[in-house]
Every structure is written in structure tokens, then in C-alpha cells.
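Undergrad: Okay, here's the structure, questions in a sec.
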Amino acid sequence: MFFLNKKIKVAVHDRSFHSDDVFAVAILSLYLDKPLKIFRTRDLNILTKMDYLLDVGREYKPNENKFDHHQEGWNEKRKNGIPYATSGLVWKEYGEKICGTLEVANEIDNKIIQTIDAEDNGIEIYKSIFSDIRPYCIFDYVSAFNPTWNENINDNESFDKAVILATNILKREIVIAKDYVLSKNKIDEIYNKTEDKRILFLDSDYDWKEIIKKYPEPLFVIKNDNNWSVKAVSVEGYKYKNRLDFPESWAGKEGEELVKVTGISDAVFCHNNRFLCIAKSKEGAIELAKKALANSKL
């Protein structure tokens, strides 16, 4: 079982569980870092004896450890219009304390918590390109722990397993968010020191792809990946559309064939989709980027 020596009494609603109540418990467990005793109930007699009420009780009073969003007239929203569900309310209260900084807490809110809150409040935040296919999201993953109608499984044990999942995801994503914030600071420094901002040199494997999109000038990023890679910067809002592709004549070529078409003696490879070129040396990588720029007349 997940919670041993259960002491702090926490109530969540019974029956089917969702990513909202599961993550709310996970967030609280990270904040308190103490054993919890979970009561999955709507019984008012039990609720009055709890230390925390999460997603049950129809009250939002953080000073009294009550976090629900099902009450009549609920209208607590973020600036972007996404309403708060319980996980968001608990994260708003404790996220910064868990993460150490508001910037990291906001990264987690943007990446995970808001998607949970939107889904729990019936807000659509994406559109499927294919009518019969949609992304498999975090709330699908959590819901998969609910027993089906044909299973004889204790749903409280299933809830505990889902909380373990959510807790581990949060722990991992907090590490990722902290390093992402460090990446932003490093890349800001590199950008500010670079004269020709169309080509940026990175001295480590930073999380650069989304960060660099906020700058209008960069077209290529060069970094040392055993060999030297030159990667195209993608267009804001797109994953596979680049600000500038490598020349069409380079696509899919490697070795001597690429050397011949580029005139660069240590050119190694150009991806068929023209977002990546590789050279054996830093100088070769620079020449690949410069020739791509000259070919485009940018």
C-alpha cells in the first residue's frame, strides 16, 4: 500500500476517481511529506472530522484546508480563462513551496495542472486533426486505473496506485522544470552575447527548442553531439515546420555525396526532412549553417 502509518486525515470523493482528485492528493503529500490517511467518501459525518477536504465538501477555504470547486456559482479562473479545479487550487496554495520558486511552479501549472483543471471542468484545450484519433493524455492514464465494470478490484487500492503514479510524475516534472528554467537563463545569456543571432552556439544540451522560439532572429543552433550538429529552429506553434530548411539539394545525402554538394570536406549527413545537418568539426558545422543562409539569401 502507498500510505503507511496513516495519520493526517484527508477526504476525497468516492466512486470513480479522476486526475483532478488523484493529483490533488499527490500535491498535498509532496507538500506535507508526512503519512496520510485517505478517506474516499461523501459522508458529511466523516468529512467534519478530516484535516483536509479535497474535491469534496463544496467549499473552497484554503485557510481551513478545504479545496473544492463543485459548489454553486464557482467561477475561480486563471487570467487565460481556464477555471480552477481542485488540483489547481491545491497547487496554487502549495506549488511554490514544493518547487522552491514561483517560476518553476508556474512551469508545472502550465504543463500539467492546467490541462487537468481544464478537462475536469469540461474545457477543451486542443483540437484533433483526425476525427477518430485524439492524444492519450494524463487524465486518460489516471482513469485507466479505475476498475472496469467486469473487474472485481478494490477501487481504494487502485486509487493508491494512481496517486503513486501522480506523485512520481510530479517529482520528475519538478526536476525537469527546474532544469528548464536554468536552460532559459543560459540561453538568454548566450543570445545576448551573440553578434549574428541567426546562428547560436550552445555549450551544453539545454532544453532549447521552445525557448529559442521567443527570439525572432535565430535560424540554426549548433552544438557538440559527438560530431557537431546544426539544427533548424522551428516556427512558433509548429513542431515540424522550420524557420529555414536546409537546401533541398542536401536532403538525405551523407558522406561523399553531401561533401560534393556542399563543398564542405567534413560534412557527414543531412536529414531528408532538412532540419538537421552534421559535420565532424565545429568549423564544418559553421560552414553548413552559413551556406544554408547564403542559399536562402537571409
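Undergrad: Need pairs with beta-carbon distance below 7 Å; first residue closer than 19 Å to residue 175 by Cα and within region 27-49, second among the small types (Gly, Ala, Ser); sequence gap 6+ or separate chains.
TA: So the pair list comes out as 27/87.
Undergrad: Name the residue, out of 124, 151, 72, 107, that is assigned to a helix (DSSP H, G or I) and out of contact with any Cys (no Cβ under 6 Å at 6 or more places or on another chain).
TA: Criteria check complete, one pass: 107.
Undergrad: Could you please let me know if residue 203 is of a type outside the set (A, V, I, L, M, F, W, C), more than 24 Å from residue 295 (Cβ to Cβ), touching a Lys or Arg at 6+ places or on another chain (Cβ under 9 Å) and not assigned by TED's automatic domain parsing to the domain that holds residue 96?
TA: Yes.
Undergrad: Go through (1) under 26 Å from residue 104 (Cβ atoms); (2) free of Cβ contacts under 8 Å to residues at least 60 places away in the same chain; (3) aliphatic (A, V, I, L, M) one by one and return the number of the condition residue 181 breaks.
TA: (2)
Undergrad: Inside region 67-92, can you point out the residues that are of a type outside the set (A, V, I, L, M, F, W, C) and more than 18 Å from residue 19 (Cα to Cα)?
TA: 71, 72, 73, 75, 76, 77, 78, 79, 80, 81
Undergrad: Follow-up question, since we're still on this one. Restricting region 162-201 to residues that are assigned to a strand (DSSP E or B) and buried (at least 18 other Cβ atoms within 10 Å of the Cβ), which is farthest from the chain's Cα centre (by Cα)?
TA: The residue in question is 199.
Undergrad: In addition: Can you find, within region 110-154, the residue that is surrounded by the fewest Cβ atoms within 10 Å (Cβ to Cβ) among those that are within 19 Å of the chain's Cα centre (by Cα), over 27 Å from residue 181 (Cα atoms) and among the charged types (D, E, K, R)?
TA: That would be 127.
Undergrad: Looking at region 67-80, can you tell me whether even one residue there is surrounded by 13 or more Cβ atoms within 10 Å (Cβ to Cβ), more than 22 Å from residue 138 (Cβ to Cβ), in contact (Cβ under 8 Å) with a residue 24 or more places away in the chain and not aliphatic (A, V, I, L, M)?
TA: The answer is no; no qualifying residue exists.
Undergrad: Follow-up question, since we're still on this one. Within region 230-250, work out how many residues are surrounded by fewer than 14 Cβ atoms within 10 Å (Cβ to Cβ) and assigned to a loop (DSSP other than H, G, I, E, B).
TA: 7
Undergrad: Testing residue 134 on (1) at pLDDT below 95; (2) in a helix (DSSP H, G or I), one condition comes back false. Which one is that?
TA: (2)
Undergrad: Looking at this structure, is residue 209 basic (Lys, Arg), over 25 Å from residue 178 (Cα atoms) and under 23 Å from the mean Cα position of the chain (by Cα)?
TA: When the stated conditions are applied, residue 209 does not pass them.
Undergrad: Are there any pairs, at least 6 apart or on different chains, whose C-beta atoms fall under 9 Å, with the first in region 238-261 and farther than 24 Å from residue 218 by Cα and not assigned by TED's automatic domain parsing to the domain that holds residue 209 and the second modelled with pLDDT under 95 and exposed (fewer than 15 other Cβ atoms within 10 Å of the Cβ), and if so, which?
TA: none
Undergrad: Just a yes or no: is a residue in region 81-95 surrounded by fewer than 18 Cβ atoms within 10 Å (Cβ to Cβ), in the same structural domain as residue 143 (by TED's automatic domain parsing) and part of a loop (DSSP other than H, G, I, E, B)?
TA: Within region 81-95 (the criterion being surrounded by fewer than 18 Cβ atoms within 10 Å (Cβ to Cβ), in the same structural domain as residue 143 (by TED's automatic domain parsing) and part of a loop (DSSP other than H, G, I, E, B)), the answer is yes, since at least one residue qualifies.
The values are calculated or read from the model by the stated rules, or taken from the named source; none is laboratory data. Remember, predicted model here, so these are calculated numbers, not experimental data. For neighbour counting, all protein chains shown are included, and Cβ atoms are generated from backbone atoms with ideal geometry for every residue, glycine included.
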